[in-house]
Amino acid sequence: MTDNILVIFTISTDNLPDNFQEIIQHEQAVLARWKQEGLVEHLFLRPTRNGAVIVFNNIDEAEAKSLIETLPLYPFIISAEYYPLMKQF
């Protein structure tokens, strides 16, 4: 198992639903829970506001993909890249 998985995802900002802000609130709640559970080490929003960078802690790539698929924003994700990371110190 790798130490961390870096996930960079981009969402489509075309034709967002009227309840998009509500979806964002659900997204934040899920990520806050994952952070509290120790699954997420870092979360960065992209400056373009069309995605995020998540560093998952102590899970493999398959588990990271499975978790991403449960996010409220998942239906809007147009690309997701997964990078295994190894801690240096």
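The rows are residues; the columns are (1) closer than 16 Å to residue 61 by Cα; (2) within 14 Å of the chain's Cα centre (by Cα).
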{"position": "6", "(1), (2)": "yes, yes"}
{"position": "9", "(1), (2)": "yes, yes"}
{"position": "12", "(1), (2)": "no, no"}
{"position": "17", "(1), (2)": "no, no"}
{"position": "20", "(1), (2)": "no, no"}
{"position": "35", "(1), (2)": "no, yes"}
{"position": "39", "(1), (2)": "yes, yes"}
query: Looking at 64, 29, which one is at pLDDT 95 or above, open to solvent by less than 30 Å² (accessible area, probe 1.4 Å) and not in a strand (DSSP E or B)?
result: 64
task: From (1) over 14 Å from residue 11 (Cα atoms); (2) open to solvent by less than 80 Å² (accessible area, probe 1.4 Å); (3) in contact (Cβ under 8 Å) with a residue 40 or more places away in the chain, pick out the condition that doesn't hold for residue 70.
output: (2)
- prompt: at pLDDT 95 or above and open to solvent by less than 40 Å² (accessible area, probe 1.4 Å), is that true of residue 54?
  reply: yes
task: Looking only at the stretch 34-44, decide whether some residue is surrounded by fewer than 13 Cβ atoms within 10 Å (Cβ to Cβ) and modelled with pLDDT under 95.
output: no
- prompt: Quick one: what pairs do we get from the stretch 19-40, first residue closer than 13 Å to residue 55 by Cα, second part of a helix (DSSP H, G or I), C-beta under 6 Å, 6+ apart or different chains?
  reply: 40/34
- prompt: Which residues, counting only those in the stretch 38-75, are of a type in the set (Asp, Glu) and within 17 Å of residue 3 (Cβ to Cβ)?
  reply: 41, 60, 61, 63
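The values are calculated or read from the model by the stated rules, or taken from the named source; none is laboratory data. Since the structure is predicted, the reported quantities are computational estimates derived from the model, not experimental observations. Note: ideal-geometry Cβ built from the backbone for every residue, glycine included; neighbour counts use all protein chains shown. Note: areas computed on protein heavy atoms with side chains; ligands, DNA, RNA excluded. Shrake-Rupley method; radii C 1.70, N 1.55, O 1.52, S 1.80 Å.
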